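No lab work stands behind these numbers, since they all come straight from the coordinates. Just so you know, these numbers come straight off a predicted model, no measurement behind them. Because the Cβ atoms are built from the backbone with ideal geometry, glycine has one as well, and the counts that use them run over all protein chains shown.
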Amino acid sequence: MGTDAAAEVRRLRAQLERVQGRRLDAPLLPTPPALAELLPGGGLRAGAAYSLAPSSALLLSLFARPTASGAWCAAVGMPELGAEAAAGLGVVLDRLVLVPDPGPRWLAVAATLAEVMTIVAVRPRGRVSDADASRLQARLRDRGAALLVQGPWPQAEAAIEIAEPRWRGLGHGHGYLAGREVTMTVHSRRSPVPRRARMLLPDQAGSLAAAPGTAVPDRRPVPLRAVG
């Protein structure tokens with residue numbers, strides 16, 4: 001490829017990245033395999049933001065593999081998160097930072113943590129403007145960090161929702177809770193058809209896994225919704 005052609009490719013790539021708000025060559029972060037099957041690109045991408053259902057179990061399950069791989073994760077504005085629950089879902093506590101009450105400058109706290117953390121999770125205290133989201137997105141791309149938001153978020157790469165929970169292990173008035181089965185749906189900016197599958201959250205080992213018999217994601221159409 002000639003010099004002029006290579007320069008044109010770089011220019012077009014940079015233009016597309018600005019439009020889409022993400023790096024095309026951004027690496028994938030460690031993600032539970034069952035959920036990676038549903039996510040655009042096959043996993044959580046560095047530099048991207050994701051909107052999550054308000055589930056502590058889901059959030060902590062997304063922290064587990066990165067912290068086990070040596071990455072640092074932070075949760076901002078979630079006072080109900082506890083060390084015992086995090087450890088039970090596989091999170092390495094030595095690489096977990098909790099900021100239960102960031103105050104009114106929660107967005108600035110999240111942006112600062114994105115400088116040094118691989119994954120930053122936040123629960124917004126109010127509406128976030130497109131301009132503020134774009135500035136934080138630029139910092140995420142620059143540092144190779146991912147943002148997990150409990151709630152809607154402008155320019156989110158995907159939204160992960162949970163529905164139809166059902167506990168396993170209970171009989172007719174007896175037994176022990178052995179795991180919870182849920183329907184997980186991923187809405188993506190890149191696909192008009194959401195993806196969904198039955199998941200165990202948690203399974204007997206305390207992690208996120210595909211429910212038995214549902215290893216292949218269900219890609220049948222479901223009602224569309226706007227991401228963010």
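Out of residues 5 or more away from ALA209 or on other chains, whose amide H comes under 5 Å of its own, with H placed 1.01 Å from N in the peptide plane? Amide H neighbours of ALA209, under 5 Å, 5+ apart: LEU200, ASP203. Normalised by 2.2 N^0.38 Å, where N is the number of residues, the alpha-carbon radius of gyration of segment 25-159 equals 0.95.
Cβ-to-Cβ counts within 10 Å put ASP94, ASP130 in ascending order as ASP94, ASP130, the fewest first. Exposure proxy for TRP72, TRP167: other Cβ atoms within 10 Å of each Cβ, ordered fewest to most, give TRP167, TRP72. Distances between placed amide hydrogens fall under 5 Å for ARG180 paired with ARG168, LEU201, all partners being 5 or more residues away or on another chain.
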